[in-house]
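Trainee: First the structure, which I've put down as structure tokens, then a few questions once you've had a look.
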Amino acid sequence: MTIRALITDKDGEGYATKLTTIDQADLGEGDVTISVEYSTVNYKDGLALNGKRIMASYPLIGGIDLAGTVEASDSINFQPGDKVLVNGYGLSQTHNGGYSEKARVPAEWVIPLPEKFSTRDAMAIGTAGYTAMLCILALEHGGLTPASGDVLVTGANGGVGSIAISILSGLGYNVLASTGRPSEAEYLKSLGAADIVDRNTLSEPGRPIGSEKWAGAVDSVGSHTLANVLAQTKYEGVVAACGLAQGMDLPASVAPFILRNVTLAGIDSVNAGRAKRIEAWERLAKDLDPAKLESTISEVKLEEVPDVANAILAGKVRGRTVVNVQS
Ligand code: NDP
């Protein structure tokens, strides 16, 4: 049986991603076969489709997220007809990913879809939203509450940023949104941001310690931005670092840690344990209104994904892109 899939391959001239048909038998190892309904485009998908250190071998189907319906299962934990989702693990790295009408994956990777969400909702959330929730769990673990003070979200117009703002404001936090796109201020306020911070005030080399401005932060930017965020975090504040949109470096000092008791929490979504994933998805179902996400969503077809992948690397995508795999 043949299925449509978006395959990324390497040739002498670079990397190319094309919509093609493949035999379902070539999907790869796994004990659960999923009819994929929706996938999404994250920053990491942009990197993967452009040959930037994500895919371990070629040709490979990209897409680090997928949601759909179980078609066949050798695992007692899943039955045909179950609605499920997969984020990360080997998808688009060592294993064919979500840009395909079908996927076959190990049962340990599969998470039951929370009842509150459709498969489209789950992909509007995707790795970006699930990572935003992992960040918020880390802030809570560090003792942050709405009474602690303001929370800063960097990379505000991005997938992680947009969803972090929605969830945090819903939880009662006063959210400051750091962005390089002040023209999107109204959109960020509609998500729940109370105020906008110009990202240029954070992106240049700064002082090791500065005035105390926020009690917590979700940072998807890294580099000087994260260093400045730490330097301006209040006493006993907590910062969750999940991204590197500005850079992978961290030109910071230990001053915020040893003078202000600031906690820096690292966030990895790809290999997070199953219990942590289920906790994050349960909290997303409790704390995120999918209707609020609707304004962040652009829907595309499989063949449009390569263009979106380029746009996301260029910082030109706002919010979340949902891929309607069956259309
Ligand atoms: P997006 O591309 O959707 O968002 C990134 C945002 O960062 C942009 O919208 C922009 O926001 C801001 N930005 C972009 N370039 C720069 C720059 N040079 N300097 C400062 N800000 C910049 O990506 P995602 O939200 O999907 O992911 C964000 C980051 O988090 C990525 O680095 C990604 O790799 C990482 N990530 C990590 C995960 C993990 O497991 N640790 C999981 C998911 C994502 P604005 O226009 O508002 O300024």
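The values are calculated or read from the model by the stated rules, or taken from the named source; none is laboratory data. It should be emphasised that the depicted structure is a prediction, and the values quoted were computed from it without experimental measurement. Here the Cβ positions follow ideal geometry from the backbone for every residue, glycine too, while neighbour counts run over all protein chains shown. The accessibility values were calculated without ligands, DNA or RNA, using every heavy atom of the protein model including side chains. Shrake-Rupley method; radii C 1.70, N 1.55, O 1.52, S 1.80 Å.
Trainee: Check whether at least one residue in region 264-285 is in contact (Cβ under 8 Å) with a residue 24 or more places away in the chain, more than 17 Å from the chain's Cα centre (by Cα) and farther than 19 Å from Leu85 by Cβ, and report yes or no.
Mentor: Among the residues of region 264-285, at least one is in contact (Cβ under 8 Å) with a residue 24 or more places away in the chain, more than 17 Å from the chain's Cα centre (by Cα) and farther than 19 Å from Leu85 by Cβ, which makes the answer yes.
Trainee: For region 108-120, what are the residues that are surrounded by 18 or more Cβ atoms within 10 Å (Cβ to Cβ) and of a type in the set (Ser, Thr, Tyr)?
Mentor: Thr119
Trainee: Something else about it: Go through Ala122, Ala132 for me and flag whichever is within 17 Å of the chain's Cα centre (by Cα) and not assigned by TED's automatic domain parsing to the domain that holds Val239.
Mentor: Ala122
Trainee: Let me ask something additional. Restrict the check to region 133-147 and report whether at least one residue is at pLDDT below 95 and either β-branched (Val, Ile, Thr) or on the phi > 0 side of the Ramachandran plot (or both).
Mentor: no
Trainee: Here is a further query. Scan region 148-162 residue by residue and report those that are in a helix (DSSP H, G or I) and within 13 Å of the ligand (Cβ to nearest atom).
Mentor: Gly159, Val160, Gly161, Ser162
Trainee: Which of the residues spanning region 36-58 are assigned to a loop (DSSP other than H, G, I, E, B), farther than 15 Å from Ala128 by Cα and of a type outside the set (A, V, I, L, M)?
Mentor: Asn50, Gly51, Lys52, Arg53, Ser57, Tyr58
Trainee: Of all residues being under 19 Å from Pro290 (Cβ atoms) and in contact with a Leu (Cβ under 8 Å, 6 or more places away or on another chain) in region 148-172, which is most open to solvent (accessible area, probe 1.4 Å)? Just the residue, please.
Mentor: Here the residue is Gly170.
Trainee: All but one of (1) surrounded by 21 or more Cβ atoms within 10 Å (Cβ to Cβ); (2) under 23 Å from the mean Cα position of the chain (by Cα) hold for Met248; state the number of the condition that does not hold.
Mentor: Status for Met248: all satisfied but (1).
Trainee: For region 121-147, which positions are more than 16 Å from the ligand (Cβ to nearest atom), part of a helix (DSSP H, G or I) and buried (at least 20 other Cβ atoms within 10 Å of the Cβ)?
Mentor: Asp121
Trainee: How many residues, within region 59-107, are in a strand (DSSP E or B) and either of a type outside the set (Asp, Glu) or open to solvent by less than 10 Å² (accessible area, probe 1.4 Å) (or both)?
Mentor: Qualifying residue count, region 59-107: 22.
Trainee: If I ask for residues that are closer than 23 Å to Gln246 by Cα and touching a residue at least 60 places away in the same chain (Cβ under 8 Å), which ones from region 53-84 would you list?
Mentor: Gly63, Ile64 - these are the residues of region 53-84 that are closer than 23 Å to Gln246 by Cα and touching a residue at least 60 places away in the same chain (Cβ under 8 Å).
Yes or no, residue by residue, for (1) of a type in the set (S, T, N, Q); (2) outside the structural domain of Gly172 (by TED's automatic domain parsing); (3) modelled with pLDDT under 95:
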residue	(1), (2), (3)
Asn271	yes, yes, yes
Lys286	no, yes, no
Pro290	no, yes, yes
Pro306	no, yes, no
Ala314	no, yes, yes
Arg318	no, yes, yes
